[in-house]
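J.: My structure is below; once you've seen it, I'll send some questions.
The values are calculated or read from the model by the stated rules, or taken from the named source; none is laboratory data. Values in this document were obtained by computation on a predicted structure and should not be read as measured data. Using ideal geometry, Cβ is built from the backbone for each residue, glycine included, and neighbour counts are taken over all protein chains shown.
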Protein chains: 2
Amino acid sequence: MSMMNYAAGVSLKHATLGLLTYGPASGYDLLQKFRESLANVWPATQSQLYGELGKLAAAGLVTVAAEGPRGRKEYAITPEGSAELRHWLGEVPPAPNRRSEMLLRVFFLGMLTPEQAREYLDDRATVAAELQAELRELATTVDPDSGPLAVYGRLALEWALRFSVMQEEWATWAADEVRRAQEGVE
Amino acid sequence: MSMMNYAAGVSLKHATLGLLTYGPASGYDLLQKFRESLANVWPATQSQLYGELGKLAAAGLVTVAAEGPRGRKEYAITPEGSAELRHWLGEVPPAPNRRSEMLLRVFFLGMLTPEQAREYLDDRATVAAELQAELRELATTVDPDSGPLAVYGRLALEWALRFSVMQEEWATWAADEVRRAQEGVE
DNA sequence: CTTCGACCTGTCACTACTGACATGTCGAAA
DNA sequence: TTTCGACATGTCAGTAGTGACAGGTCGAAG
């Protein structure tokens, strides 16, 4: 029984527990899933994941359910882990994203010439449009009734789609604003 | 002359340089500015900032332009610092946000009852609506021609506004989807 | 029967960030 | 003239995250 549960609000922990609710898996397996489905939501490196699994096991939130060839350790979520995950999902308010490099740059666009500033914003619009195309492509690819991850995964996909639409529209508008301000001064 | 410039893509560095383009300031001053204007874009703690100023000075991107009472050190950006900032703004593509705790939770909403899942989504809609109200309030407060930060700051504000609108609409839609799926099964 | 790619776990050094602690000084109001 | 709030700098231990290094094994195709 370890006395200190490690700090709250740490999402790698919950991402790992969440993936394990879909069935037991090794660190190696989980790493694939992180890359396949969570890459754009909560990426994790190999070193981080193996470390996390160790902590999770020490805290009793997962157990080594089976050992296989090549030193494979198959982890399974415990009832305590499951309770922790549900607690996090239902009772802990999500922390909003605090940092945006894209917006930070906007604050300092005044250092550039208006032309360069517009170029930056136009580029944002282009990138957002490209992302949109990729996402729409992806949406057609996803099997509508494959696995339970797909059910709520579609909601996440829709979010990303709407986000990229918003970003494109905003960037186009902002580039226009810059042009307008420029004309006003001249 | 230090041989190693510290790693690229580190935004606290550029946030600090950016703030210093508005005039010389002490660590203390900068900390206020971080809290006032960059809090929702790139927050920084005191310990981080003082450390950063030290590194920036060692790298020659800022200098101690004046020393005042209470050990006050007034930092000013150097031509090298200014060049670095412009390089970052104009030539280095911004890294997209990779992590979203909010979306991570969406992936695991299947662990909860559909009612709880809908509650989560409804809460997101509510929070987004509240944020929107605050932002609109803030928009009326901002002096339209105060300081150069305000010019591009307005673009950032508009982004936040559009983001919160998007989030609210998405969450409302998603809660509806969950209800629909629930009815489909019953 | 070899060999090679996929499988599999682990460690290390380093950077970024956080919150708390420690330590003082100046200036204005009481 | 005291005292207190704002000014001001710095350090430290700890967590999170990254990329590289290191080492080993199984299974199937050639």
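J.: Go through region A:40-70 and give me each residue that's part of a helix (DSSP H, G or I) and touching a helix residue (DSSP H, G or I) at 6+ places or on another chain (Cβ under 7 Å). Don't jump to the end; show me each part of the working.
T.: Step one: filter region A:40-70 for residues part of a helix (DSSP H, G or I), giving A:46-58, A:69-70.
Result: A:GLN46, A:GLN48, A:LEU49, A:TYR50, A:GLU52, A:LEU53, A:LEU56.
Results for (1) of a type outside the set (A, V, I, L, M); (2) at pLDDT 90 or above; (3) part of a helix (DSSP H, G or I); (4) surrounded by 15 or more Cβ atoms within 10 Å (Cβ to Cβ), shown as yes or no for each residue.
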| site | (1), (2), (3), (4) |
| --- | --- |
| A:ALA139 | no, no, yes, no |
| A:PRO144 | yes, no, no, no |
| A:LEU149 | no, no, yes, yes |
| A:PHE163 | yes, yes, yes, yes |
| A:TRP170 | yes, yes, yes, yes |
| A:ASP176 | yes, yes, yes, no |
| A:ARG179 | yes, yes, yes, yes |
| A:GLN182 | yes, no, yes, no |
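J.: Just checking, does region B:87-99 include any residue being within 15 Å of DNA strand C (Cβ to nearest atom), of a type in the set (Gly, Ala, Ser) and part of a helix (DSSP H, G or I)?
T.: no
J.: For region B:5-22, which residues satisfy the criterion of being within 13 Å of another protein chain (Cβ to nearest Cβ) and either within 13 Å of DNA strand C (Cβ to nearest atom) or small (Gly, Ala, Ser) (or both)?
T.: Narrowing region B:5-22 to residues within 13 Å of another protein chain (Cβ to nearest Cβ): B:8-22.
Those that are within 13 Å of another protein chain (Cβ to nearest Cβ) and either within 13 Å of DNA strand C (Cβ to nearest atom) or small (Gly, Ala, Ser) (or both): B:ALA8, B:GLY9, B:VAL10, B:SER11, B:LEU12, B:LYS13, B:HIS14, B:ALA15, B:THR16, B:GLY18.
J.: Please go through region B:28-55 and give me each residue that is more than 7 Å from DNA strand C (Cβ to nearest atom), of a type in the set (Gly, Ala, Ser) and over 22 Å from B:GLY153 (Cα atoms), ordered by number.
T.: If the condition is that a residue be more than 7 Å from DNA strand C (Cβ to nearest atom), of a type in the set (Gly, Ala, Ser) and over 22 Å from B:GLY153 (Cα atoms), then B:GLY51, B:GLY54 are the ones that fit.
J.: Could you say whether any residue in region B:33-42 is modelled with pLDDT under 95 and within 15 Å of DNA strand D (Cβ to nearest atom)?
T.: yes
J.: Yes or no: B:LEU30 in a helix (DSSP H, G or I) and away from every other protein chain (no Cβ under 11 Å)? I'd like the intermediate steps shown before the answer.
T.: Working: in a helix (DSSP H, G or I): yes; away from every other protein chain (no Cβ under 11 Å): yes.
Against the criterion (in a helix (DSSP H, G or I) and away from every other protein chain (no Cβ under 11 Å)), B:LEU30 qualifies.
J.: Okay, next question. Name the single residue that is farthest from the other protein chains (Cβ to nearest Cβ) among those in region A:101-119 being assigned to a loop (DSSP other than H, G, I, E, B) and farther than 17 Å from B:LYS33 by Cα. Explain how you work it out, then say what you get.
T.: Filtering region A:101-119 for residues assigned to a loop (DSSP other than H, G, I, E, B) gives A:108, A:112-113.
Restricting the remaining residues to those that are farther than 17 Å from B:LYS33 by Cα gives A:112-113.
On the way: A:LEU112: 6, A:THR113: 9 Å.
Ranking the candidates gives A:THR113 first.
J.: Hey, another quick one. Condition check: in a helix (DSSP H, G or I), at pLDDT 95 or above and within 13 Å of A:LEU104 (Cα to Cα). Does B:LEU19 satisfy that?
T.: On the way: in a helix (DSSP H, G or I): yes; at pLDDT 95 or above: yes; within 13 Å of A:LEU104 (Cα to Cα): yes.
Here the answer is yes, as B:LEU19 does meet what is asked.
J.: Could I ask something else about it? Residue check, B:HIS87 against (1) within 21 Å of the chain's Cα centre (by Cα); (2) at the interface with chain A (Cβ under 8 Å from one of its Cβ atoms), all met but one. Which one?
T.: (2)
J.: Name the residue that is surrounded by the most Cβ atoms within 10 Å (Cβ to Cβ), counting only residues in region A:19-30 that are touching a helix residue (DSSP H, G or I) at 6+ places or on another chain (Cβ under 6 Å) and under 28 Å from A:GLU134 (Cβ atoms).
T.: Ranking the qualifying residues of region A:19-30, first place goes to A:LEU19.
J.: Going residue by residue through region B:71-85, is there one that turns out to be in a helix (DSSP H, G or I), touching a strand residue (DSSP E or B) at 6+ places or on another chain (Cβ under 7 Å) and crowded, with 20+ Cβ neighbours inside 10 Å?
T.: Yes, region B:71-85 has at least one match.
J.: Same structure, new question: List every residue pair whose Cβ atoms sit under 8 Å apart, with the two residues 6 or more apart in sequence or on different chains, where the first one lies in region A:49-60 and is assigned by TED's automatic domain parsing to the domain that holds A:GLY27 and the second, anywhere, is assigned to a helix (DSSP H, G or I) and near DNA strand D (Cβ under 8 Å from one of its atoms).
T.: Cβ pairs passing all conditions: A:LEU49/A:LEU12; A:GLU52/A:LEU12; A:GLU52/A:LYS13; A:LYS55/A:LYS13; A:LEU56/A:LYS13.
J.: While we're on this one: Identify the residue in region B:151-183 that is without any contact (Cβ under 8 Å) to a residue 24 or more places away in the chain and among the basic types (Lys, Arg) and, among all such residues, is farthest from the other protein chains (Cβ to nearest Cβ).
T.: B:ARG180
J.: Now, a different point. State the number of residues belonging to region B:61-84 that are near DNA strand D (Cβ under 8 Å from one of its atoms) and touching a residue at least 24 places away in the same chain (Cβ under 8 Å).
T.: Taking region B:61-84 as the starting set, the residues that turn out to be near DNA strand D (Cβ under 8 Å from one of its atoms) are B:68-75.
Still in the running and touching a residue at least 24 places away in the same chain (Cβ under 8 Å): B:68, B:72-75.
The total comes to 5.
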